[in-house]
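> Structure provided below as structure tokens; questions to follow.
The values are calculated or read from the model by the stated rules, or taken from the named source; none is laboratory data. Values in this document were obtained by computation on a predicted structure and should not be read as measured data. Cβ coordinates were reconstructed from backbone atoms using ideal geometry, including for glycine residues, and neighbour counts include every protein chain displayed. Just so you know, the surface numbers come from the protein's heavy atoms only, side chains and all, with ligands and any DNA or RNA stripped out. Shrake-Rupley method; radii C 1.70, N 1.55, O 1.52, S 1.80 Å.
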Amino acid sequence: IYIAFGQSNMEGNPAIEDEDLEIPENYYMMQTANGHKEREVGNWYPAIPPLANNNAKLSLVDYFGRNMVWLQQEDNPDIKIGLIVVAVAGSSIKGFDKDTAEEYYAGEASWMQGIAAQYGNNPYNRIIEMAKKAQEVGVIKGIVMHQGETDAGDSTWPTKVKKIYDNMITDLGLGDNIPL
């Protein structure tokens, strides 16, 4: 299982083409956003895009997950890869910090508030809630993040990212070997 979070490129911008709907067997996503007409939050589904929220399109993590399946299948054809994707276009890293998310989104544009609302207004909490559920059936192997243009020039950005990473490791009991 891989946790994936970030802003617009993690959410997905390119249109989903027919070939993007063909996914390998054993490739899954957990629905993380409220309001999808066919998927329920907290359930696993074949990883057919969009993977993030109801505004999402084709994300860079779509093909990350596919490649993880293809790379692993030669040695272990029964391997399953699952993604937990939470993304808010345009969000500062503050929107993924459990201590600052609520205040941050309260001051942002209504369109961004609408995306955050799909995650219960606290994307970090949704990540942790879904990851704990995922740990009931699998092992978290890594965290994929694509975030930063909103915080360009913020010299404290690396420290903020480290805080979120450290909180995830602690809140999920992941230990020392989880790459970001």
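> Order these peptides, 132-139, 29-36, by their mean beta-carbon neighbour count within 10 angstrom, highest first. Let's see the in-between values first.
Numbers: 132-139: 13.0, 29-36: 20.1.
Packing order, densest peptide first, comes out as 29-36, 132-139.
> Another question about this same structure. Which whole number of Å³ per residue matches the convex hull of the alpha-carbon atoms in region 1-96?
On the way: hull volume 9.2 nm³, N = 96.
So the per-residue hull volume is 96 Å³.
> Based on the Cβ-Cβ distance from L60 to E136, what FRET efficiency comes out when R0 is 25 Å, to the nearest 0.05?
Details: r = 27 Å, r/R0 = 1.09.
After rounding to 0.05, the efficiency reads 0.35.
> Determine the relative contact order of region 30-180: mean sequence separation of Cα pairs under 8 Å and six or more apart, normalised by residue count, in whole percent. Write out the running numbers ahead of the final one.
On the way: 179 pairs, mean separation 32.7, N = 151.
After rounding, I find 22 percent.
> Right, next: Skipping prolines and chain starts, which residues have an amide H placed within reach, meaning under 5 Å, of the one on M29, given they are 5 or more residues away or on another chain?
Answer set, sorted by chain and number: Y45, A47, L83.
> Using only the Cα atoms, work out Rg/Rh for region 129-180, with Rh taken as the Kirkwood radius, to two decimals.
On the way: Rg = 12.8 Å, Rh = 12.4 Å.
Taking Rh as the inverse mean 1/r over Cα pairs, Rg/Rh reads 1.04.
> For the chain, what ratio Rg/Rh do Cα atoms give with a Kirkwood hydrodynamic radius? Mind dumping the intermediate values first?
Values: Rg = 15.5 Å, Rh = 16.4 Å.
Result: Rg/Rh = 0.95.
> Just list whichever of K94/K132; K37/K132; K37/K80; K37/K163; K80/K160 have alpha carbons separated by over 28 Å in the model shown.
Working: K94/K132 22 Å; K37/K132 24 Å; K37/K80 25 Å; K37/K163 34 Å; K80/K160 32 Å.
Correct reply: K37/K163; K80/K160.
> In addition: Heavy atoms only, 1.4 Å probe, whole protein assembly: order Y119, Y165 by accessible area, highest first.
Values: Y119 5, Y165 50 Å².
If we order Y119, Y165 from most to least accessible, we get Y165, Y119.
> Leaving out ligands, DNA and RNA but keeping every protein chain, what accessible area does D99 have, in Å² rounded to the nearest 10, with a 1.4 Å probe?
Solvent-accessible area, nearest 10 Å²: 100 Å².
> Further question: Need the C-alpha centroid separation for region 71-144 versus region 43-69, integer Å.
So the two Cα centres are separated by 12 Å.
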